[in-house]
Amino acid sequence: MAAAGASAVKVRALVPGADVALIERVLNVHDAPSSTTFVCVGDEISTEGQEGFLRGHGTQVVDGKLVATVCGVVERVNKLIYVKTLNSRYNAEQGDVVVGRVADLAGKAWRVDLKSRQEAKLLLSAVHLPGGIQRRRNAEDELNMRAFFREGELISAEVQSVHADGSVALHTRSAKYGKLVCGQLVEVPPNLIKRQKQHFHTLEALGVELIIGCNGLVWVAPLRPDRLAAANAAAGGGGAAADEDEAAAAAAAAPPPPSRTQLEVVCRMANAIRVLTRLYMPVYPASIMATYEAAVEGEAALADMLEPAFLEAVVAQEAQRRSSAMQE
């Protein structure tokens, strides 16, 4: 039996299609005609008026008709017709910022799970050494690989290259990349991540850092001195070397424990990302902050941010924003 006075745990029942029904109810689109752009497996894709079309990904010709082999949205580029899947695995591109979990050590490399088709490889030679030292890795470094990253640890990295066979090579040759501790990991469908020039965001006013991985893994954590120094080093120009040393010195010191206020902000920010995911809305800093501010202004409790009442408020706010943008 539970101890007397213990708070009850709130369990939400999973109702398939409930979030879609909520969006339709707020936008009052119950009677709207269904779009022919969305197709399921086996649906015929119209090619009327498109003679000599090119069959693309997710399509197949059956009995002279073009049909879909995956569920998704029909895209047309000149004569090319293909189906873009609604929920697919991450396809890495060079320069992507990613968040992953170390799966194994193999030879002189770590194997990292990016929630992709295959695990990525992080070579020992592509790791940032303490203090930013530039030297060849030796046998001692190979023996001490677990001093850098262990199995099961979360890391941030950048895609260095993508090979012809689809294998991905990572690197962490900067103080801003590396091990992630004391935070929350939120998983988002990769197609909801809006690509930006910057995927590292330090919110000094709130004391929080955001790493929006292009692979759909978003890291939210209290802002640590070493991470702030690394962010300043990345943003700085001439004094970058000195800033790298400062970041390394800050990383060597034990970070102070986060305050209760910081932890609450982290949880609220993570819930804002979960709200956007449930409503199939793009995940990027502006949308996260808008949802976070709506929760603060509406005095919504942390546990109530995933309830239908707050979800409806977010949908109505987004609809009003888009309507105002169209009028302008």
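The values are calculated or read from the model by the stated rules, or taken from the named source; none is laboratory data. As the structure is a prediction and not an experimental result, all values here were calculated from the model. Please note: Cβ atoms are built from the backbone with ideal geometry, for glycine as well, and neighbour counts cover all protein chains shown. The accessibility values were calculated without ligands, DNA or RNA, using every heavy atom of the protein model including side chains. Shrake-Rupley method; radii C 1.70, N 1.55, O 1.52, S 1.80 Å.
Taking Ser125, is it of a type in the set (Gly, Ala, Ser) and open to solvent by less than 50 Å² (accessible area, probe 1.4 Å)?
no
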Residue pairs meeting the criteria (Cβ under 9 Å; at least 6 apart or on separate chains; first assigned to a helix (DSSP H, G or I), in the stretch 309-326; second among the acidic types (Asp, Glu)): Phe310/Asp304; Leu311/Asp19
Members of the stretch 152-166 that are on the phi < 0 side of the Ramachandran plot and either basic (Lys, Arg) or modelled with pLDDT of 90 or more (or both): Glu153, Leu154, Ile155, Ser156, Ala157, Glu158, Val159, Gln160, Ser161, Val162, His163
Out of Val77, Val61, Val99, Val11, sole residue that is open to solvent by less than 70 Å² (accessible area, probe 1.4 Å) and either modelled with pLDDT under 85 or among the β-branched types (Val, Ile, Thr) (or both): Val99
Test: Tyr177 is surrounded by 14 or more Cβ atoms within 10 Å (Cβ to Cβ) and either β-branched (Val, Ile, Thr) or farther than 30 Å from Leu279 by Cβ (or both): yes
In the stretch 314-325, residue modelled with the highest pLDDT [restricted to those that are surrounded by fewer than 17 Cβ atoms within 10 Å (Cβ to Cβ) and under 14 Å from Glu293 (Cβ atoms)]: Gln317
Scope the stretch 112-137; condition touching an Asp or Glu at 6+ places or on another chain (Cβ under 7 Å) and within 12 Å of Ile155 (Cβ to Cβ); matching residues: Val112, Asp113
The stretch 197-216, subset modelled with pLDDT under 90 and of a type in the set (D, E, K, R), residue nearest to Met269 (Cα to Cα): Glu204
Residue match in the stretch 148-170 (condition: acidic (Asp, Glu) and out of contact with any Leu (no Cβ under 9 Å at 6 or more places or on another chain)): yes
Phe149, sole failed condition from (1) closer than 14 Å to Lys179 by Cβ; (2) surrounded by 15 or more Cβ atoms within 10 Å (Cβ to Cβ); (3) out of contact with any Gly (no Cβ under 9 Å at 6 or more places or on another chain): (3)
Count - residues of the stretch 169-200 that are over 12 Å from Val283 (Cβ atoms) and in a strand (DSSP E or B): 10
